[in-house]
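J.: Pasting a structure here, questions to come.
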Amino acid sequence: MADLWRKMMRKAGWTMLKAAGTIDVMSEIEIEPALKSKARVIVVEDDARLRDYAIGALSVAEEIELVGDAGNLADGLPLVDLMPDLALLDLGLPDGSGISLIEAIRAKVPNCRVLVFTVFEDKASVLNTLKAGADGYILKDTTADMVLAHVRATLAGETPISARAASHLLSLVRDEPVVETSEPDAPHLSPRERELLEYLARGLSRKEAARIMNLSPYTVAEYVQGIYRKLQVKSRGEAVFEAIQAKLIRIDRD
């Protein structure tokens, strides 16, 4: 189970935030205040009614352009060639798994964000989806307003996930043994670097961490670059994964 969690963290780059009895999962990308141009979106959903529902939810957003939609895997795969910025897709397609589409997107358009829109939320489907490279996981009973909100959030760098799916991820964290000391060959992070990385691992933005640590955003940016350099990574998700694996940080502190 621990190995599965590590693999998921490495590939999907997700971090856990536990506060006030709720769980959110956030990505390594900082939220931008606004999108600079229209985001190209594709929708792949076999149920025509739900596909129209999702398209209708997105149609009111001026900053989003629907460039294609499909009702099965065979018709969805060519949409990847349209170089979308985001794919809203179902897992249970009639001629195959939506995971195959996620893998095709990751291979051809690695910067495309993927938001899964599904009825499945068992532990296996959540983990397989995240390992395939999904950036968000929401359920089909989500309101139209929230579908649009989740799409916007995903484009901006967040990683929305249903509360019940998030509970599966938290169970994996709880399965990890609690060890206070780092591995003997672990990279050296200063106490402040560890403190910052723990805040980032819990889902705080750099600005929020800077405020809590009483540091300027520029100092935090320098710390982040130092962390990336020492851990030999290029993203927040990779940094969190490597730090947890080396037992440099914990994300279950109160």
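The values are calculated or read from the model by the stated rules, or taken from the named source; none is laboratory data. Note that the structure is a prediction, hence the values are computed from the model and not measured. Cβ sites come from the backbone with ideal geometry, for glycine too, and all protein chains shown count toward neighbours. In case anyone asks, the SASA skips ligands and DNA or RNA and just uses the protein heavy atoms, side chains included. Shrake-Rupley method; radii C 1.70, N 1.55, O 1.52, S 1.80 Å.
J.: Please work out which one of (1) assigned to a strand (DSSP E or B); (2) of a type outside the set (Lys, Arg); (3) without any contact (Cβ under 8 Å) to a residue 24 or more places away in the chain is the condition Ala87 fails and give its number.
T.: (3)
J.: Residue under question is Leu66, and the condition is that it be modelled with pLDDT of 95 or more and under 14 Å from Ala156 (Cα atoms); does it hold?
T.: Values: modelled with pLDDT of 95 or more: yes; under 14 Å from Ala156 (Cα atoms): no.
Taking the combined requirement at face value, the residue does not satisfy it.
Here is a yes/no grid of residues against (1) touching a strand residue (DSSP E or B) at 6+ places or on another chain (Cβ under 9 Å); (2) at pLDDT 85 or above:
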site	(1), (2)
Gly96	no, yes
Cys112	yes, yes
Val119	yes, no
Leu127	no, no
Ala153	yes, yes
Ile161	yes, no
Arg164	yes, no
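J.: Out of curiosity, is Asp47 loosely packed, with under 12 Cβ neighbours inside 10 Å and at pLDDT 85 or above?
T.: Details: loosely packed, with under 12 Cβ neighbours inside 10 Å: no; at pLDDT 85 or above: yes.
Answer is no for this residue.
J.: Further question: Tell me which residues, restricted to segment 212-249, are open to solvent by 20 Å² or more (accessible area, probe 1.4 Å), within 12 Å of Arg192 (Cα to Cα) and assigned to a loop (DSSP other than H, G, I, E, B).
T.: Those that are open to solvent by 20 Å² or more (accessible area, probe 1.4 Å), within 12 Å of Arg192 (Cα to Cα) and assigned to a loop (DSSP other than H, G, I, E, B): Asn214, Leu215.
J.: Hey, another quick one. Would you say Gly56 is assigned to a helix (DSSP H, G or I) and buried (at least 18 other Cβ atoms within 10 Å of the Cβ)? Steps first, answer last, please.
T.: Values: assigned to a helix (DSSP H, G or I): yes; buried (at least 18 other Cβ atoms within 10 Å of the Cβ): no.
When the stated conditions are applied, Gly56 does not pass them.
J.: Among Glu62, Glu158, which is surrounded by 20 or more Cβ atoms within 10 Å (Cβ to Cβ) and not in a helix (DSSP H, G or I)?
T.: Values: Glu62 fails: surrounded by 20 or more Cβ atoms within 10 Å (Cβ to Cβ).
It is Glu158.
J.: Among the residues of segment 90-121, count how many are part of a loop (DSSP other than H, G, I, E, B), open to solvent by less than 30 Å² (accessible area, probe 1.4 Å) and of a type outside the set (Val, Ile, Thr).
T.: From segment 90-121, those part of a loop (DSSP other than H, G, I, E, B) are 90-91, 94-95, 109-112, 119-121; that's our starting set.
Keeping just the survivors that are open to solvent by less than 30 Å² (accessible area, probe 1.4 Å) gives 90-91, 109, 112.
Applying the additional criterion that residues be of a type outside the set (Val, Ile, Thr) yields 90-91, 112.
Count: 3.
J.: Tell me which residues, restricted to segment 133-155, are open to solvent by 10 Å² or more (accessible area, probe 1.4 Å) and not in a loop (DSSP other than H, G, I, E, B).
T.: Once the filter is applied, which keeps residues that are open to solvent by 10 Å² or more (accessible area, probe 1.4 Å) and not in a loop (DSSP other than H, G, I, E, B), segment 133-155 yields Leu139, Ala144, Asp145, Met146, Leu148, Ala149, His150, Arg152, Ala153, Leu155.
J.: Additional query: Find the residue count for segment 75-84, including only residues that are in contact with a strand residue (DSSP E or B) (Cβ under 9 Å, 6 or more places away or on another chain), part of a helix (DSSP H, G or I) and either open to solvent by 60 Å² or more (accessible area, probe 1.4 Å) or among the hydroxyl-bearing types (Ser, Thr, Tyr) (or both). Quick ask: steps written out before the conclusion?
T.: Filtering segment 75-84 for residues in contact with a strand residue (DSSP E or B) (Cβ under 9 Å, 6 or more places away or on another chain) gives 75-80, 82-84.
With the extra rule that they be part of a helix (DSSP H, G or I), the set shrinks to 75-80, 82.
Add one more test, that the residue is either open to solvent by 60 Å² or more (accessible area, probe 1.4 Å) or among the hydroxyl-bearing types (Ser, Thr, Tyr) (or both), and what stays is 75, 77-78, 82.
Final tally of qualifying residues: 4.
J.: In addition: Out of curiosity, is Arg40 without any contact (Cβ under 8 Å) to a residue 60 or more places away in the chain, open to solvent by 50 Å² or more (accessible area, probe 1.4 Å), within 19 Å of Leu148 (Cβ to Cβ) and within 21 Å of the chain's Cα centre (by Cα)? Before you say what the answer is, go through the steps one by one.
T.: On the way: without any contact (Cβ under 8 Å) to a residue 60 or more places away in the chain: yes; open to solvent by 50 Å² or more (accessible area, probe 1.4 Å): yes; within 19 Å of Leu148 (Cβ to Cβ): yes; within 21 Å of the chain's Cα centre (by Cα): yes.
Yes: the conditions hold for Arg40.
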